[in-house]
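Here is the structure we will look at, set down as structure tokens.
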Amino acid sequence: MQQEVVEAEGHLIDSHLMEQIFDAVVQHQGRFEVEQFRIGRTNAEPSYLRLKVETEQMPQLLARLLELGCAPVDSGDAQLAVVERDCCAPEDFYSTTNHRTLIRHRGEWIEVENQRMDAMIVVTDHHAVCRRLRDLRAGDPVVVGMRGIRVIPESKERDRLAFAFMSTEISSERQVETAVRQTAALMEQARAAGQRIIVVAGPVVIHTGGARALSRLIRNGWVDALLAGNALGVHDIESSLFGTSLGVRQSDGRQEEHGHRNHMRAINAIYHAGGIAKAVESGRLKSGVLYEAVKAGIPFVLAGSLRDDGPLPDTITDMNRAQDAYAGQLQGAGLVLCCGSMLHSIAVGNMLPSWVKIVCVDINPAVAAKVSDRGTGQAIGVVTDVGLFLDLLSREIEGVRGLAARK
């Protein structure tokens, strides 16, 4: 049996972290003894836990405890190993979570920058930075093992009255209007804090009639970047140029004669114009989500896939480049609104630190559940029609709150 003394600090009871710490010890066939426990007596005061643990599975247990914000006491500096070849980490590299992380280096605790899950920590010039495996270069000093590392999970907020829906399970029975009001409040909070509001959108936004509402949000300054796949761009432009989406008339829901080729006609038109921005400048494209993005001067990223027709000339078909472009636009985000795109929502969630709030809207409850299950525990699921949600949100945010924000 190996023995270790570990400690954790934070809102351990409110966030159910203490029981998870105890469960982790038991699950690893270990024993624990509480040496010290102090309960925070105010909203701001954290609780403190000091625990002696014994187990024959200490490396595995420490790895799990680190994820819960429970680290060895006086573990010394983080251990470093040098990368010998590009894109090849040492075998015992530490794999990051999306929670705020600190490492001890030369006797001081320093915060890891660019926090994201499934990355390595590279330490240079007294700075620690998350770096993806493909970005490692020979000579990089990488954190290995479990010593000298502290993870700080996001604590459950004690004042939950304003946003009580965040703490409940994903459900289609939740009143949409309530979720809309609270999402609008989150947008106001992000804007007041100087943080960016990012929208991740799938083509269902166009199919369900949400393009007009999303366009209003962009036009009125409530969106700082748009992340999507080629399909959203194609069907948004198809709708703007021909009044159809996937060949279906948006005016009455009927199939347009020969409408099946309209999405290819849309792609062809953009190629003739020389790109989306040039189509707007020339007057060929006069409405739609991407039209508003170009007119408002906000960046948009269209990521390609094997399924794409065309694709549009603006679509990034190199997956590494597309991922880099997404990650670049997520810098400084305070709120990410994911609308009707499971794969892009999961991808974005994997790039974000745990303190950035995500509202995931989809008619399928499994989408929001999968985003959360992939490690993005801060994701808030709203199960409803995406077009309806965006319409209500644009009306809410452009009501009393929106007018006050613009003043």
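Out of region 179-238, which residues are touching a Leu at 6+ places or on another chain (Cβ under 9 Å) and of a type in the set (Asp, Glu)?
ASP236, GLU238
Residues to consider are VAL294, VAL336; find the one that is in contact (Cβ under 8 Å) with a residue 40 or more places away in the chain, assigned by TED's automatic domain parsing to the domain that holds ALA231 and out of contact with any His (no Cβ under 6 Å at 6 or more places or on another chain).
Numbers: VAL294 fails: in contact (Cβ under 8 Å) with a residue 40 or more places away in the chain.
Of VAL294, VAL336, the one residue that is in contact (Cβ under 8 Å) with a residue 40 or more places away in the chain, assigned by TED's automatic domain parsing to the domain that holds ALA231 and out of contact with any His (no Cβ under 6 Å at 6 or more places or on another chain) is VAL336.
Residues checked against (1) modelled with pLDDT of 95 or more; (2) assigned by TED's automatic domain parsing to the domain that holds LEU12; (3) not acidic (Asp, Glu):
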position: ALA128; (1), (2), (3): yes, no, yes
position: ASP135; (1), (2), (3): yes, no, no
position: ASP140; (1), (2), (3): yes, no, no
position: ILE170; (1), (2), (3): no, no, yes
position: ARG174; (1), (2), (3): no, no, yes
position: GLU177; (1), (2), (3): no, no, no
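Take region 258-307 and flag every residue that is modelled with pLDDT of 95 or more, in contact with a Lys or Arg (Cβ under 8 Å, 6 or more places away or on another chain) and small (Gly, Ala, Ser).
Those that are modelled with pLDDT of 95 or more, in contact with a Lys or Arg (Cβ under 8 Å, 6 or more places away or on another chain) and small (Gly, Ala, Ser): ALA269, ALA273, ALA296.
Taking region 84-139, which residues are outside any strand (DSSP E or B), within 19 Å of GLY69 (Cα to Cα) and of a type outside the set (Phe, Trp, Tyr)? Reasoning before the result, please.
The initial filter retains those residues of region 84-139 that are outside any strand (DSSP E or B), namely 84, 86-87, 89-92, 94-99, 106-107, 114-119, 125-126, 132-139.
Remaining after also requiring within 19 Å of GLY69 (Cα to Cα): 94-99, 114-119.
Correct list: SER95, THR96, THR97, ASN98, HIS99, ASN114, GLN115, ARG116, MET117, ASP118, ALA119.
In the list GLN20, GLN29, GLN3, which residue meets the criterion of being within 29 Å of the chain's Cα centre (by Cα) and not assigned by TED's automatic domain parsing to the domain that holds ASP118? Give the steps one after another, and end with the answer.
Numbers: GLN29 fails: within 29 Å of the chain's Cα centre (by Cα); GLN3 fails: within 29 Å of the chain's Cα centre (by Cα).
The match here is GLN20.
The values are calculated or read from the model by the stated rules, or taken from the named source; none is laboratory data. Keep in mind it's a predicted model, so treat the numbers as computed, not measured. FYI the Cβ positions are ideal-geometry reconstructions off the backbone, even for glycines, and counts take in every protein chain you see.
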